[in-house]
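Only one structure is covered here, and it is reproduced in the block below.
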Amino acid sequence: MVSEELKNKYEMVIGLEVHAQLKTNTKIFAPDGAKFGKEPNSQTSTITMGLPGVLPVLNKEVVNMGILCGLAFGSTIPNRCKFDRKQYFYPDLPKGYQISQYDEPICVGGEIKISNKTIGITRAHLEEDAGKLVHAGADGLYGSAYSLVDLNRAGTPLLEIVSEPDMRSSDEAREYMEQLRSILRYIGVCDGNLEEGSMRCDANISIRPRGQKEFGTRAEIKNVNSFKALQRAIDYEYERQIALVENGEEVVQETRLWDDNTGTTNSMRGKEDAHDYRYFPEPDLMPLEISREWVEEIKAKMPELPQARIERYKSLGLSQYDADVITAQMELAFFLDNVIKEGVNAKTATNFLMGEISAYLKEEKVTIDESKLTVENFVKLMKLLEKGTISNNIAKTLVVDILKTGRDAQALVEEKGLSVISDESAILDVVKKIIEANPDNVQAYRQGRDKLFGFFVGQVMKETKGRANPQTVNELLKKELSE
């Protein structure tokens, strides 16, 4: 650990390279399937393998998604982009090169807004993914360490989004990633699942004395597969580089791997520069011309972006906090929208979604779509609450029952006899009973201990099992206690 004094001496500079796997049915240059979790090596072909005599054919939907992303980021979509060969050998890259984009990407510029600043985007380019290596230890099949190669992922379409080095803390880096993930999910191009690898992040980190304009030597951190890991890796690397410089050593430009178990980064290889990859134009693919009509056609299909959704929710009476939380959980946001369309108050519905519903979903580790709560049944429950047929507390209990069973809200109320008691004489009998049973508290209340009023309300609600009309309870208690 380095001291706070040293942290104040050195500024952290962070740029992120995010690889988002695009949600197409097939791969970027081949008709192989691109679904996650299939039997190893069951989704590959001679094209993916790059065998002699085969040619890549560009998947148009990949281009559509690339354009859509660029529009969402506020990028410039050039009239022309092209593909290049990026030369390097790796066991899970069967061709010995990757088809990517170098000097003419599909998206140029753009930005992502976080809470306290705007993070610039340098570029976003299309490329194919490599396969996956599965490593085994010394207790494996052959008695020694070995690796298996799964090429299912090879050739799946990626959009690599390269940020400017505008972030100055791990908190900013995490928020940038969260905002980026939210945009990609809302526009429907990536599911953003870090654990499955459909969204991956490499972090470039350097330090410099505060006030210095020139950047320091950067290290690239790979193998970061969660938001928490991203922050831990950045903070560790920041302190590692400070310690090196303070000891009179130099920071080496290299690629390092994050080890989540030890909480450390470890050297993997020297960091390559562009010339090391020997980029040249992909000879089997013509440059791609992107007409303005094509861009406008994609723009017309742009879904509502997260920030616009937040502003809309605020206009419906939600606080900034509520709007942020609901929008961050896309399935809940879609559910809320469907509920609002049926005339349910946005704030009332949000209270349930962020309260009892979210608690149940978290405990059961399911999404709202995987629960038994339907929009139609939730609307019925909200209408019963709105009409005063049931109390808020009863609605909170019932929504959990419905999440578990899918039972009809109206049927549950009738079966359990949970409708609100609005008969004034029936409630008055209970009020008088509670007052007679608590003479000491009655005397204390009448002598000025106003907070005891809540005690009496609670006792009446307990006696009526939460069914008494709260407004009537308050009115009758005030009248009886004042006498």
* Would you check if Gln43 is part of a loop (DSSP other than H, G, I, E, B), of a type in the set (S, T, N, Q) and surrounded by 17 or more Cβ atoms within 10 Å (Cβ to Cβ)? => yes
* Asked: Could you say whether any residue in the range 417-432 is open to solvent by 80 Å² or more (accessible area, probe 1.4 Å) and either on the phi > 0 side of the Ramachandran plot or modelled with pLDDT of 80 or more (or both)?
  -> no
* Quick one: how many residues across the range 320-365 are of a type in the set (Gly, Ala, Ser), open to solvent by 50 Å² or more (accessible area, probe 1.4 Å) and in contact with a helix residue (DSSP H, G or I) (Cβ under 6 Å, 6 or more places away or on another chain)? -> 0
* To do: Would you mind listing the helices (runs of 4 or more DSSP H) fully within the range 260-374 where at least 3 residues are over 26 Å from Pro78 (Cβ atoms)?
  => 306-315, 320-328, 330-341, 346-352, 358-364
* Can you name the residue in the range 204-237 that is within 18 Å of the chain's Cα centre (by Cα) and not in a helix (DSSP H, G or I) and, of all such residues, is surrounded by the fewest Cβ atoms within 10 Å (Cβ to Cβ)? -> Ser226
* **Test: Ala308 is modelled with pLDDT of 95 or more and loosely packed, with under 11 Cβ neighbours inside 10 Å** => no
* Would you mind stating whether Ala124 is under 18 Å from Thr76 (Cα atoms), at pLDDT 95 or above, open to solvent by less than 30 Å² (accessible area, probe 1.4 Å) and not charged (D, E, K, R)? => yes
* To do: Evaluate the following for Leu381: is it open to solvent by less than 20 Å² (accessible area, probe 1.4 Å) and assigned to a helix (DSSP H, G or I)?
  => yes
* Boolean, Ala124 is within 24 Å of the chain's Cα centre (by Cα) and either of a type outside the set (Ser, Thr, Tyr) or farther than 24 Å from Gln179 by Cα (or both) -> yes
* Asked: Mind checking which residues of the range 434-481 are open to solvent by 90 Å² or more (accessible area, probe 1.4 Å), over 26 Å from Ala395 (Cβ atoms) and more than 44 Å from the chain's Cα centre (by Cα)?
  -> Glu436, Asp440, Gln443, Arg446, Gln447, Arg449, Asp450, Lys479
* Failed criterion for Val460 (all others in (1) in contact (Cβ under 8 Å) with a residue 40 or more places away in the chain; (2) within 12 Å of Val431 (Cα to Cα) hold) -> (1)
* Residues of the range 66-112 satisfying the condition of being among the acidic types (Asp, Glu) and not in a loop (DSSP other than H, G, I, E, B) -> Asp84, Glu111
* Right, Leu412: modelled with pLDDT under 90, buried (at least 16 other Cβ atoms within 10 Å of the Cβ) and not in a helix (DSSP H, G or I) or not? -> no
* Asked: So how many residues does the range 227-244 have that are in contact with an Asp or Glu (Cβ under 7 Å, 6 or more places away or on another chain) and under 10 Å from Trp258 (Cβ atoms)?
  -> 1
* Asked: Which residue pairs have Cβ atoms under 6 Å apart, sit 6 or more places apart or on different chains, and have a first residue in the range 212-224 that is on the phi < 0 side of the Ramachandran plot and a second that is open to solvent by 30 Å² or more (accessible area, probe 1.4 Å)?
  -> Thr217/Gln253; Glu220/Lys271; Lys222/Leu257
* Asked: If Lys7 passes every condition in (1) in a loop (DSSP other than H, G, I, E, B); (2) under 25 Å from Ala243 (Cβ atoms) but one, which one does it miss?
  -> (1)
* Asked: Going by the structure shown, is Arg174 open to solvent by 60 Å² or more (accessible area, probe 1.4 Å) and at pLDDT 95 or above?
  -> yes
* Just a yes or no: is a residue in the range 222-235 of a type in the set (Asp, Glu) and under 18 Å from Asn8 (Cβ atoms)? -> yes
* Structure fact -> Taking the range 179-198 and keeping residues aliphatic (A, V, I, L, M) and modelled with pLDDT of 95 or more leaves Leu180, Ile183, Leu184, Ile187, Val189
* **Identity of the residue in the range 155-169, open to solvent by 10 Å² or more (accessible area, probe 1.4 Å) and either among the acidic types (Asp, Glu) or under 17 Å from the mean Cα position of the chain (by Cα) (or both), that ends up nearest to Lys7 (Cα to Cα)** => Asp166
* Structure fact -> Arg256: passes all of (1) part of a helix (DSSP H, G or I); (2) open to solvent by less than 80 Å² (accessible area, probe 1.4 Å); (3) closer than 23 Å to Met167 by Cα but (1)
* **the range 88-114, subset over 26 Å from the mean Cα position of the chain (by Cα), open to solvent by 30 Å² or more (accessible area, probe 1.4 Å) and over 15 Å from Gly131 (Cβ atoms), residue modelled with the highest pLDDT** => Glu104
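The values are calculated or read from the model by the stated rules, or taken from the named source; none is laboratory data. Given the structure is predicted, the values throughout are model-derived calculations rather than measurements. Neighbour counts are summed over all protein chains in view; Cβ atoms, including those assigned to glycine, are modelled from backbone coordinates with ideal geometry. What goes into the accessible areas is simple: the full protein's heavy atoms, side chains included, and nothing from ligands, DNA or RNA. Shrake-Rupley method; radii C 1.70, N 1.55, O 1.52, S 1.80 Å.
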